[in-house]
Amino acid sequence: MDEMEEELKCPVCGSFYREPIILPCSHSICQACARNILVQTPEAESPQSSRASGSGVSDYDYLDLDKMSLYSEADSGYGSYGGFVSAPTTPCQKSPNGVRVFPPAVTQPPPQHHLLPHPSSLPPIPRNSCITCPQCHRSLILDDRGLRGFPKNRVLEGVVDRYQQSKAAALKCQLCEKSPKEATVMCEQCDVFYCDPCRLRCHPPRGPLAKHRLVPPAQGRISRRASPRKISTCTEHELENLSMYCVQCKMPVCYQCLEEGKHGTHEVKALGAMWKLHKGQLSQALNGLSDRATEAKEFLVQLRNMVQHIQENGVEFEACLVAQCDALIDALNRRKAQLLSQVNKEHEHKLKVVRDQISHCTVKLRQTTGLMEYCLEVIKENDPSGFLQISDALIRRVHMTESQWGKGTLTPRMTSDFDLTLDSGPLLQTIHQLDFVQMKVPAAPMLQLEECCTQNNSATLSWKQPPLSTIAVEGYILELDDGNGGPFREVYVGAETICTVDGLHYNSTYKSRVKAFNASGVGQYSKTLIMQTSEIAWFTFDPASSHPDIVFSNDNLTVSCNSYDDRVIMGNSAFSRGVHYWEMTIDRYDNHPDPAFGIARGDVLKDVMLGKDDKALAMYVDNNRSWFMHNNSHTNRTDGGITKGSTIGVLLDFTRRILIFLINDEQQGPVAFEALEGSYYPAISLNRNVQVTLHTGLPIPDFYTPGEADPNSSVC
């Protein structure tokens, strides 16, 4: 009951209601608080001067109040029955509940709820006083009755009283002899409070006592102390009890109210009957609210569980992140060691090369210097013959030694710079771009059943991701079976969430499902949706697949031709399964032409008579007779032609794999073609002397009984 406490507190004082009254806006307020927030309006705006004489409407009728009062969202003014009233100049205040209220117009201390003065001792309410609801800010001017004109909310007062009683000190057992213990139950029949030992000893659950009802002590105290229902009196006729209910004004009235005429023309009902009716309506409304409250409690449990899961997942994810970053740091340290090793190798290599070159040059320079000193000493000799004996050899040695100091000899074999540059830019950029990515596959999509439908031989499917799913989706894969219980096949792959699949079989049951995918993989399938295509084929002629000389009208149901040569017209639906029947009426037939009717493959020749190639099966007919034709072969000449107004029927039965033609509801010749396989379009050929209108969606003729499917037939 703790949740109910806020409902039992006045919006002005913030304490429990004390002698609450009901304002016309249906909100309640303490009577003392109502007196405290009254504001006096100018004399010119008196209700008597602005109220229409002879009005039969109650001063506090809620509907009339809506029409006549001013709704002030900013507390900038007050409404009255006479018009706009200027706003008070005193500032507004806030109650403990945060609701704005106005200070009293008459200077007086606010009354305390525990010491309420007698009404006779209170100063009189000034005339033309205005009161504003502190909750909805709806305002009105009081009449001569003042606050007595508002009915008292006895129900709310009783609820507050019972609630305060239930919060009092704990009840004691009435049968304990010494130091009574705290009561745990109360027997409604015995009207006695028991503790557990006394209940087991004095009120055992057997015999007649087993039928007694035991309730918690607080509930028992409320039921024990509940005061008898007070009889409310009329606010206008204080000596009259409220005994009727005005349906139009939605308020209890007395007999005097009816006799005086205010409610004489209104529909009234017995107070008790309306009391029971409204209690039933409130109970029924509470049932729905109770269901919502139950759902809210379950939802709160779910949210609390989510908090725990979020905390657990957060700790786990944080540990995983730390481990991943540590792994990156370890990898970087290992790479650092490898790069340092490479630098050390380069360093040692450079030193070795330079030291080798130093050693080589040192030896060569020593040899060169020795040769130079030897030659100088030889030059000092004065013996010409002896000098000439060795001079040629020395000259050659000097030149040879000089040539050994040629190009490259005095050039360093290795530079002191390290030709290694660490390319850390991409790695730094990668580190800066290091972020979280979706590593989970998408959740299973949800098919939106209200948007999924079939029309003719097309199916439209719509889906969406679950509301709480935050995983990125790159696209979807829609799959359908073959309409005959076969395996699923992909019919759409893309990012759209709605798809229409055309060209399905008529009178077939298809299973459909969809799944989402992203870079991490493919998610689970949605629930399987079963869809039924139309039992009867509805189609029209197709301008896109027909010869350009054909003229279409009547929503592509009527065709004619601009050429004297035969031109082929195709239907916009193909058939490969089931039994189908359609008709064509001859609207114009001049000069005895030979129109042809039948079925054809999608790649049939369009500029010759239907049946001239091996892609069509047709019957061509003139005004006297007809022939069946396929691959330019004419068979089964049959008497009976057509005229203006004739009807040609085509019966295509894939269960028996046969084709039958009719003229004016009579079968024309034998079965025209047998052993049909694959997919065929309805087709005709005509020239400018003929105009034809197509009729589809027709039932199978009465004379024909479809048979069982040929076990040797195949469907494409």
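So, in the range 479-494, how many residues would count as being out of contact with any Asp or Glu (no Cβ under 7 Å at 6 or more places or on another chain) and not polar (S, T, N, Q)?
Looking only at the range 479-494, we keep the residues that are out of contact with any Asp or Glu (no Cβ under 7 Å at 6 or more places or on another chain), and these are 480-486, 492-494.
Adding the requirement that they be not polar (S, T, N, Q) leaves 480-483, 485-486, 492-494.
Within the range 479-494, residues that are out of contact with any Asp or Glu (no Cβ under 7 Å at 6 or more places or on another chain) and not polar (S, T, N, Q) number 9.
Would you check which residues across the range 504-559 are exposed (fewer than 15 other Cβ atoms within 10 Å of the Cβ), among the polar types (S, T, N, Q) and outside any loop (DSSP other than H, G, I, E, B) and list them?
Answer for the range 504-559, where residues must be exposed (fewer than 15 other Cβ atoms within 10 Å of the Cβ), among the polar types (S, T, N, Q) and outside any loop (DSSP other than H, G, I, E, B): Thr509, Gln524, Gln532, Ser553.
What are the residue pairs meeting all of these: first residue in the range 203-219, first residue under 12 Å from Asp191 (Cα atoms) and at pLDDT below 90, second residue of a type in the set (Ser, Thr, Tyr) and open to solvent by less than 50 Å² (accessible area, probe 1.4 Å), Cβ atoms under 7 Å, and 6 or more apart or on different chains?
Matching pairs, first to second residue: none at all.
Can you report the number of residues in the range 188-199 which are at pLDDT below 90 and surrounded by fewer than 14 Cβ atoms within 10 Å (Cβ to Cβ)? Can you show your working first?
Residues of the range 188-199 at pLDDT below 90: 188-193.
Narrowing the set further to residues that are surrounded by fewer than 14 Cβ atoms within 10 Å (Cβ to Cβ) leaves 189, 191.
Counting residues in the range 188-199 that are at pLDDT below 90 and surrounded by fewer than 14 Cβ atoms within 10 Å (Cβ to Cβ) gives 2.
Show the residue pairs meeting these rules: Cβ distance below 7 Å; 6+ apart or different chains; first residue within the range 247-272 and under 19 Å from Phe150 (Cβ atoms) and in contact (Cβ under 8 Å) with a residue 40 or more places away in the chain; second residue open to solvent by 40 Å² or more (accessible area, probe 1.4 Å) and assigned to a strand (DSSP E or B).
Listed by first residue and then by second, the contacts come to nothing, as the list is empty.
When only residues in the range 460-503 that are charged (D, E, K, R) and open to solvent by less than 80 Å² (accessible area, probe 1.4 Å) count, which is farthest from Tyr525 (Cα to Cα)? It would help to see each step written out before you state the result.
So the first thing to find is which residues in the range 460-503 are charged (D, E, K, R), and the list is 464, 474, 479, 481-482, 489-490, 496, 502.
From what's left, open to solvent by less than 80 Å² (accessible area, probe 1.4 Å): 479, 481-482.
Details: Glu479: 10, Asp481: 14, Asp482: 18 Å.
Checked the range 460-503; the qualifying residue farthest from Tyr525 (Cα to Cα) is Asp482.
Test of understanding: among His580, His634, His592, which residue is within 24 Å of Tyr680 (Cα to Cα) and open to solvent by 50 Å² or more (accessible area, probe 1.4 Å)? Outline the logic, then answer.
Numbers: His580 fails: open to solvent by 50 Å² or more (accessible area, probe 1.4 Å); His592 fails: within 24 Å of Tyr680 (Cα to Cα).
Of the residues listed, the single one that is within 24 Å of Tyr680 (Cα to Cα) and open to solvent by 50 Å² or more (accessible area, probe 1.4 Å) is His634.
Of the residues that make up the range 313-323, is at least one under 30 Å from Lys440 (Cβ atoms), within 26 Å of the chain's Cα centre (by Cα) and assigned to a helix (DSSP H, G or I)? Let's see the steps before the verdict.
If we filter the range 313-323 for residues that are under 30 Å from Lys440 (Cβ atoms), which is where we start, we get 313-323.
Imposing the further condition that a residue be within 26 Å of the chain's Cα centre (by Cα) reduces the set to 313.
Imposing the further condition that a residue be assigned to a helix (DSSP H, G or I) reduces the set to 313.
Yes, the range 313-323 contains at least one residue that is under 30 Å from Lys440 (Cβ atoms), within 26 Å of the chain's Cα centre (by Cα) and assigned to a helix (DSSP H, G or I).
Out of the residues in the range 278-295 that are open to solvent by less than 80 Å² (accessible area, probe 1.4 Å) and closer than 27 Å to Cys246 by Cα, which is nearest to the chain's Cα centre (by Cα)?
If we take residues in the range 278-295 being open to solvent by less than 80 Å² (accessible area, probe 1.4 Å) and closer than 27 Å to Cys246 by Cα, then Ala285 is nearest to the chain's Cα centre (by Cα).
List, please: which pairs have Cβ atoms under 6 Å, are six or more places apart or on different chains, and start with a residue in the range 357-383 that is under 20 Å from Gly408 (Cα atoms) and end with one that is open to solvent by less than 100 Å² (accessible area, probe 1.4 Å)?
So the pair list comes out as Thr368/Thr401.
Every residue, every condition in (1) over 20 Å from Glu583 (Cα atoms); (2) of a type outside the set (A, V, I, L, M, F, W, C), yes or no:
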{"site": "Leu617", "(1), (2)": "no, no"}
{"site": "Thr638", "(1), (2)": "no, yes"}
{"site": "Asp653", "(1), (2)": "no, yes"}
{"site": "Glu677", "(1), (2)": "yes, yes"}
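Scan the range 150-187 for residues that are open to solvent by less than 30 Å² (accessible area, probe 1.4 Å), under 48 Å from the mean Cα position of the chain (by Cα) and either of a type in the set (Asp, Glu) or over 24 Å from Glu3 (Cα atoms) (or both) and jot them down.
The answer is Phe150, and nothing else.
Can you tell me which condition Asp614 does not meet? The list is (1) under 14 Å from Ala600 (Cα atoms); (2) touching a residue at least 24 places away in the same chain (Cβ under 8 Å), and all the others hold.
So Asp614 meets the others, but not (2).
Restricting attention to the range 658-705, report how many residues are closer than 21 Å to Glu535 by Cβ and within 48 Å of the chain's Cα centre (by Cα).
The total comes to 11.
The values are calculated or read from the model by the stated rules, or taken from the named source; none is laboratory data. Given the structure is predicted, the values throughout are model-derived calculations rather than measurements. Every residue, glycine among them, receives a Cβ derived from its backbone with ideal geometry; neighbour counts consider all protein chains shown. The protein model used for the area step is the full one, side chains on, heavy atoms only, and it has no ligands, DNA or RNA in it. Shrake-Rupley method; radii C 1.70, N 1.55, O 1.52, S 1.80 Å.
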